[in-house]
Amino acid sequence: MDDVNVDVLIIGAGPSGSVAAAHLFNQGVSIKVVEKSKFPRFVIGESLIPRCMDHFDEVGLLDAIKKADFEVKTGARFIKGDAVCEFDFKEKFTEGWNWTWQLPRADFDKLLTDELARKGVDIAFENEVIDVFINPDGSSKTTVKDKAGNVYTIYAKYIMDSSGYGRVLPRLLDLDTPSSLPKHASIFTHVKDSNRPEGKEGTLITFDIINTQSWFWVIPFSNGVTSIGFVGPIDFIESFKGSASERVSEMLKLSKHYAERFIDVPFIFEPKEIKNYSKAVKQLYGKGYVLTGNSAEFLDPVFSSGVTFATESALLASKLIVKELNNEPVDWETEYSDYIKEGVSVFSTYVKEWYTGNLQTLFFHQPENKANKEQICAVLAGYVWDKSNPFVSKHDRLVKSLAYLIDMESSSNSKSE
Ligand SMILES: Cc1cc2nc3c(=O)[nH]c(=O)nc-3n(C[C@H](O)[C@H](O)[C@H](O)COP(=O)(O)OP(=O)(O)OC[C@H]3O[C@@H](n4cnc5c(N)ncnc54)[C@H](O)[C@@H]3O)c2cc1C
């Protein structure tokens, strides 16, 4: 394989790499995408949130996705025992998309890359980045191994690291830093949903709370398959013994709402387990490189923010690279790092307050406060940069304070009874 010279090397062809590739290609930038796997390949992250529709639309990928007939997602339901809290994206504070999709990522990611290849984007599948050297001026020399074991070099002005869980640059440049979130694990599989009820109940995305720290997801796809998974502290997930299938079968008994639907349904593959999935980095960019998507940061699956964060960061980073290639000044600290960290910090609060139980207190409190619910709904839809939403601008205080007031009110009510 001959050596390659490009303006931008994109590592990884997940949603982050695909959105970046689409934008840069549309702007006439010379790019190469290097992807370790052969697509379709399994990856978790199947429930999207509306904000990512803006990104797919802007880079011209939305029409291709619409043709695929994925299951439309219009909201999400949270269940705790008999209590139910359902969010409808139509009823959200911030203007924006009211729907998105829930989909098998193997098909989705393949569709995105097929569409990019059709447009003429150069994607090398089964090619793995094994080493990177970045010069002081930002130009780089990347070593890639193809599937036959041949090694070649890519010279690039910029590297966009969209390698997800591969975390290529965080590993090679020693950028990892511990996440501030609790250490959790998840175990998940797909089932042929043969007991799926008719109508909305059959297709609704649901998060069923087992206890404050642990929960169960149900994500039905349009092809009759449903993704199921458990999330919780590592100790909790490891307290179930036996094979992965036996452990998930045991866990299913804990879901009052879903046990009957899934208990006898065979798993399509042996459940997979991921431990300690929350990741953070010391810096999101450096001279000649930028980290996007999961390679930059991953919080927690509870609000399905992963893909949207991957596409938000990829699109923004691509725009800034185009500016720089056009010799316009770019302040990566404020224009990229600060912006991305703002969104991460909002979601981080919601994840933390989910596991303290405060957010669950707000979700299930009756009677519902319509204004609060619409504002929280906008956050769950991914519109976490809308500072006119008090649940964004005061995220670090509001959830905690409201939960405190609700707790005070219920303890004074129970005393007066
Ligand atoms: C348990 C769990 C549940 C989740 N549920 C959701 C959800 O419901 N909704 C949601 O939005 N997110 C969810 N996520 C997060 C989601 O999986 C990720 O945020 C999302 O896939 C990130 O996209 P990405 O493009 O950054 O990376 P990826 O989708 O991981 O893509 C990265 C690509 O880079 C390639 N790569 C890796 N190393 C190399 C290398 N050395 N050379 C070349 N290529 C390489 C990989 O093969 C891969 O194809 C979940 C995460 C977990 C842990």
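Nothing in this text is a laboratory measurement; each read-out follows from the coordinates by a stated rule. On a predicted model such as this, the values are computed, not experimentally measured, just so you know. Neighbour counts run over all protein chains shown; Cβ positions are idealised from the backbone, glycine included.
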Cα-Cα longer than 24 Å, checked against 90/387; 183/387; 36/241; 200/275; 66/147, kept in input order, equals 183/387; 36/241; 200/275; 66/147
With unit charges on the beta carbons (Lys and Arg positive, Asp and Glu negative) and the dipole taken about the Cα centre of the chain, which residue among 202, 49, 228 sits farthest to the positive side?
228
Principal axis dimensions, segment 352-412 - Cα atoms, whole angstrom, descending
36, 22, 17
Rounded to one decimal in nm, the spacing of the 7 Å Cα→Cβ label points at residue 371 and residue 268 is 4.5
Global size of segment 218-294 as Cα Rg and Dmax, reported in angstrom
17.3, 55
Sparse-neighbour loop sites [GluC sites (Glu not before Pro); segment 102-189; at most 14 other C-beta within 10 Å; DSSP]
126
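Based on the mean of other Cβ atoms within 10 Å per residue, sort peptides 167-173, 195-201, 116-122 so the most packed one is first. It would help to have the intermediate numbers written out before the result.
Numbers: 167-173: 19.6, 195-201: 11.7, 116-122: 15.0.
Top of the packing list down: 167-173, 116-122, 195-201.
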With axes computed from alpha carbons, what is the tilt in degrees of helix 370-380 against the longest principal axis of the chain, rounded to the nearest 10 within 0 to 90?
30
With a cut-off of 8 Å between alpha carbons and a minimum separation of six or more residues, what is the relative contact order of the chain in percent?
21
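With only Lys, Arg, Asp and Glu charged, each at its Cβ (+1 for the first two, -1 for the last two), find how big the charge dipole of the chain is about the Cα centre; round to the nearest 20 debye.
My answer is approximately 440 debye.
Remind me, what semi-axes does segment 29-71 give for its equivalent ellipsoid, largest first in whole Å, using sqrt of 5 times each Cα gyration tensor eigenvalue? Can you show the working numbers first?
Numbers: eigenvalues 83, 61, 25 Å².
Semi-axes (√(5λ), whole Å): 20, 17, 11.
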I'm a student and want to see the number: the projected area of the Cα convex hull of the chain, averaged over all directions, in nm².
21.3
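Could you work out the relative contact order of segment 352-412? I mean the mean sequence separation of Cα pairs under 8 Å and 6+ apart, divided by the number of residues, in percent.
Values: 35 pairs, mean separation 24.9, N = 61.
Result for segment 352-412 is 41 percent.
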With Kirkwood's inverse mean 1/r over C-alpha pairs for Rh, give me the Rg to Rh ratio of segment 132-234, two decimals please.
1.18
Computed ³J(HN,Hα) along segment 223-237: with the Karplus parameters 6.51/-1.76/1.60, θ = phi - 60°, integer Hz and x for glycine or proline, the list is 8, x, 8, 10, 8, 10, x, 10, 10, x, x, 3, 4, 5, 5
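Can you give the charge dipole size of segment 352-412 about its Cα centre, rounded to the nearest 20 debye, using +1 on the beta carbon of Lys and Arg and -1 on the beta carbon of Asp and Glu? Don't skip to the end; give the middle numbers.
Details: 7 positive and 7 negative charges, 33 e Å.
Rounded to the nearest 20 debye, it is 160 debye.
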State, as an integer percentage, the relative contact order of segment 184-275 based on alpha-carbon contacts under 8 Å between residues 6 or more apart.
41
Say the dipole of the chain comes from +1 at the beta carbon of Lys and Arg and -1 at that of Asp and Glu; which of 165, 179, 263 then lies farthest toward its positive end?
263
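With only Lys, Arg, Asp and Glu charged, each at its Cβ (+1 for the first two, -1 for the last two), find how big the charge dipole of segment 184-275 is about the Cα centre; round to the nearest 20 debye. Walk me through the numbers on the way to the answer.
Details: 10 positive and 12 negative charges, 18 e Å.
Here the size comes out at about 80 debye.
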On C-alpha positions alone, give me the angle between the axis of helix 339-356 and the longest principal axis of the chain, in degrees, nearest 10.
30
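Of the peptides 85-91, 311-317, how do they stack up when ordered by the mean number of other Cβ atoms within 10 Å, highest first? Display every interim value, and only then the final one.
Details: 85-91: 16.9, 311-317: 27.0.
For the peptides 85-91, 311-317, the packing ranking is 311-317, 85-91.
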In degrees, nearest 10, range 0 to 90: what is the angle between the Cα axis of helix 306-325 and the longest Cα principal axis of the chain?
30
